[in-house]
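All remarks here apply to the structure that follows.
FYI, it's all coordinate maths here, none of it is from the lab. Only a predicted model underlies this, so the values are computations on that prediction, with no experimental measurement involved. Reconstructed Cβ throughout: ideal geometry from the backbone, glycine too, with neighbour counts over all protein chains shown.
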Ligand code: BGC
C-alpha cells in the first residue's frame with residue numbers, strides 16, 4: 001500500500017473515531033466498550049509465521065468482530081491489510097498491535113544474543129537493537145519479544161543462545177541495553193515496544209531439557225535469577241511475557257505470586273503482560289486445569305493481560321465473568337493495559353505508523369550491515385592461540401575445511417527473522433575476499449551430522465547442495481588433500497542454526513562426530529589447525545583444546561558472519577570478546593557457573609581428587625574456559641589494585657583502580673572485570689560476584705589506570721526472610737581479565 005493512501009486513511013479514521021482529538025482518553029474509550037470487546041483486546045492471534053501448532057483460522061472474521069487486540073507473526077502487507085479491517089470494520093476502530101520475535105535482527109541479522117553478550121559492549125548491543133527495531137518497524141512491527149532475560153547455567157538447554165549467559169549483573173546490564181535500543185524514547189516511528197521474557201526462571205529447566213520442570217528456592221530465585229528481568233523492567237520495558245515452565249508446581253501462566261507479587265508489587269512492572277505461545281492451553285497438559293475455561297480463569301486471576309494464541313480468553317472469559325469466576329475489574333485492568341500500550345506506541349493517532357513500505361529498501365543497507373559486521377567481530381571469543389598461530393599472515397595458503405564454511409543461511413542463527421534479500425556472508429566468502437581466492441581452497445570434508453534425515457529435519461535452510469550424493473570417504477579425501485597442500489587449516493565446525501534455540505536441547509554437546517573425526521585427521525596432518533566453532537551454545541571442547549593450535553568461537557554471527565570472522569583471523573580486528581558462560585570440560589560438570597557457593601568442604605578449582613572434599617574423582621572443578629575469559633592478540637598486564645578506602649559505610653561508593661599495561665604491538669580492547677566476595681553473611685554468599693566492568697582500549701606499548709565504581713548498595717542480597725539487605729562485614733575485591741582466580745588481583749575492605 002502506498003504511503004499517501006495509508007496516511008489519508010489513518011487521518012480520516014482517527015478523526016471519525018475521535019482518537020486524534022485532544023480529549024481522547026482510554027477512560028472514554030473503555031466507557032463505550034462491551035465486555036466482549038474488552039476481552040477482544042486481551043486476545044492475540046497468530047499471523048502466517050507459526051512457531052507452534054496453533055494456526056490462524058478465521059483471523060479476518062475474528063478481527064472484524066472486535067475479538068482481537070493483537071497479532072503476532074505477520075509482516076508487511078498482511079499487517080496493513082489486517083490493520084485496515086481493525087480500524088475500518090470494527091465498531092470502535094481500535095487498532096491492532098503487531099508483535100514479532102525480532103530477537104537478533106530483521107533483514108540485517110546480528111549475532112545470536114549470547115554472542116552479542118560476549119562483546120560486553122553495551123553500546124554496540126544498543127545500536128544493533130536500534131537497527132533491528134528500525135528495520136522491523138518499517139514492515140509493520142510495533143512490538144518485539146526481546147529481551148530474553150533468562151539466566152542459563154546449562155548449555156544443553158538450546159535457548160541459552162537467546163540470552164546473555166550466566167551472570168545476573170551482566171545479564172541485567174545487557175537486558176537494559178536491549179530495551180534502550182528497541183524502545184528509545186518511544187518518540188520515533190522506529191521505536192518499538194520491548195518485552196521482558198520469559199518471566200520467570202525459564203532458563204533453569206532440570207537436565208537442560210526445554211520446557212522442563214523448574215524448581216529452586218525463592219531465595220535462590222531472588223538472589224541469582226531475577227536481576228535481569230528487574231533491570232529490564234527498570235529500563236522501562238513496556239511489556240512482559242510469562243514463561244512456559246512451572247515453578248513451585250504451578251505453571252507461570254497462572255502463577256499469581258510470580259505475576260502479581262514479584263513482577264508488579266516488588267519489581268514495579270506497570271506494563272502489559274502477555275503469555276507465551278498458547279501457554280494457557282498448556283496449563284491443561286501441566287495438569288493444573290481441567291479445561292480451557294478453568295485455565296483461562298486461573299491465568300486472568302493471576303494477572304495475565306493478553307492470551308497469546310490459545311484463544312482461551314476469547315472463548316471462555318465472558319461466561320466466566322458472568323458466572324462470577326473472574327471479576328470484571330480484572331478484565332477492565334487488562335484491557336486498559338493493552339490500550340495504554342497502543343496509546344504509548346502512537347497507534348491511535350496513526351494505526352499505520354509502523355507500516356512504511358517506502359522505506360523497506362533501506363533494510364539491509366550497507367550502513368546496517370556495517371553495524372552487524374562490527375557487532376560480529378566484537379562477539380567472537382578467541383579461546384586458544386598456541387604459538388601465535390593467529391592472526392594469519394598475508395600470502396599464506398589457507399585450506400578451509402568443514403561443512404559450516406559455506407552454508408550461508410546457517411549463519412543467521414536460531415532466531416533471526418529470515419532475511420528476504422540479503423544472504424549472510426559465509427566464512428569461505430569472507431576469507432576469499434580478505435586473503436584472495438587464489439590463497440583460499442575449500443573442501444567440505446564431511447557433513448554436519450551423520451544422518452541425512454536428521455540433518456534435514458533440523459535444518460530449514462539450503463537443503464540442496466550439501467553433498468549427500470558424494471560418498472563420505474570421497475569428501476574426507478578431498479579435504480585431506482587440500483589440507484596437506486596448505487600452510488594452515490581453518491576448520492569450520494560446530495552446529496547448524498537450529499541445533500540451538502527453542503526446542504533444541506542436546507544431551508551430548510560435543511562437536512558432532514563426523515566433524516570431530518575429520519578434525520582429528522586434519523590435526524594428524526601436522527599442519528597448524530585453527531578451529532572456528534559456529535554454534536549457539538558452549539560446546540565441550542576438551543579434545544580440541546588439547547590438540548588444536550587455535551580456537552575461535554564464532555557462534556552464529558548473522559549477515560556479516562564471514563567478514564567478521566575474516567576481520568579477526570586476519571588481525572584487522574583484535575579479538576575482544578569474553579565469555580559470559582562457563583564452558584564445561586564434560587557434561588557431568590553441568591550446571592557449572594563461576595558464582596557458585598563455597599560449601600563446607602571447598603576444593604581449589606584445579607585440585608586433584610581427594611576423598612571427602614567437594615570435587616569429582618575424574619575431572620577438576622574448574623571449567624575448561626571460565627566466565628569472563630577470552631584472549632586478544634597480545635596480553636594486558638594488571639597491577640596496582642587500589643581501593644579509595646579500606647572502610648566504607650552503607651550507601652558509600654568506593655573507587656577501585658587498577659593499572660593496565662599493554663606491552664604488545666597492537667591496541668587491545670580490554671574488559672576489566674570487578675568481582676566481590678561477601679566473606680560472611682547471615683546466609684551463605686557466592687565465592688565471586690561480578691559487580692562492575694569497564695571496557696577500555698589500551699594502546700600498543702602504553703599504560704593506563706582504570707577506575708571502577710563500587711556502589712555499596714549493590715552489595716546486598718535477599719536474606720532468609722526475602723528482604724533485601726546490605727550487611728556490614730568484610731568484602732574481598734577482585735579485579736582482572738576474567739573470573740579465573742589465577743588471573744585476579746585482590747584487595748578487601750570493611751563495610752561498617
Ligand atoms: C517462545 C517465545 C516467543 C513466542 C512467540 C514461543 O514459542 O517461547 O520466546 O516470543 O513463541 O513467537
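What to note about this one:
- Amide N of segment 695-730 lying under 15 Å from the label point, which is placed 7 angstrom from the Cα of residue 649 along Cα→Cβ: 712-713, 728
- Estimated 222 nm signal from helices in the chain, with DSSP H stretches of n ≥ 4 weighted -39500 (n - 2.57), rounded to 500: -8500 deg cm²/dmol
- Full extension of the chain between residue 216 and residue 696 gives 169.0 nm of extra length, using 0.36 nm per residue less the Cα-Cα distance.
- Axis of helix 328-344 versus longest Cα principal axis of the chain: the two differ by about 60°, to the nearest ten degrees.
- Pairwise centroid distance, computed over Cα atoms, of segment 87-144 with segment 472-539, Å: 33 Å
- Within segment 195-239: backbone nitrogen closer than 20 Å to the residue 507 label point (7 Å, Cα to C-beta): 204-214
- Protection-proxy order for peptides 182-190, 254-262, each taking the mean of Cβ atoms within 10 Å per residue, highest first: 254-262, 182-190
- Sites residue 81 and residue 315, calculated FRET efficiency, Cβ-Cβ separation with R0 22 Å, nearest 0.05: 0.35
- Once both labels are positioned 7 Å from their Cα atoms along Cα-to-Cβ, the gap between residue 640 and residue 329 label points is 6.3 nm.
- Each peptide in 160-172, 223-235, 75-87 was scored by the mean count of other Cβ atoms within 10 Å over its residues; highest first, the order is 160-172, 223-235, 75-87.
- Multiplying the residue separation of residue 234 and residue 732 by 0.36 nm and subtracting their alpha-carbon distance yields 176.4 nm.
- Value of relative contact order over segment 82-241, rounded to a whole percent, pairs C-alpha under 8 Å and six or more apart: 25 percent
- Computing FRET efficiency as 1/(1 + (r/R0)^6) for residue 742 and residue 460, where r is the C-beta to C-beta distance and R0 is 35 Å, gives about 0.20.
- Euclidean distance between Cα centres, segment 206-235 to segment 255-293, Å: 15 Å
- Only Cα pairs under 8 Å and 6+ residues apart enter the sum, and on that basis the relative contact order of segment 685-752 stands at 21 percent.
- Gap separating the Cα centres of segment 381-411 and segment 322-366, nearest whole Å: 46 Å
- Rounded to 5, percent antiparallel among DSSP beta bridges of segment 493-637: 20 percent
- Judged by the mean number of other Cβ atoms found within 10 Å, the most tightly packed of the peptides 479-486, 195-202 leads the ranking 195-202, 479-486.
- Relative contact order (%) - the chain, alpha-carbon pairs under 8 angstrom, separation at least six: 13 percent
- Length released on extending from residue 418 to residue 723, taking residue separation times 0.36 nm less the Cα-Cα span: 105.3 nm
- Share, in percent, of DSSP beta bridges within the chain that are antiparallel, nearest 5: 55 percent
- Distance between modelled label sites at residue 713 and residue 265, nm, 7 Å Cα→Cβ extension: 2.4 nm
- For the chain, the longest principal axis of the alpha carbon atoms and the long axis of helix 122-137 meet at an angle near 40°.
- Degrees, to the nearest 10: 168-183 long Cα axis against longest axis of the chain: 50 degrees
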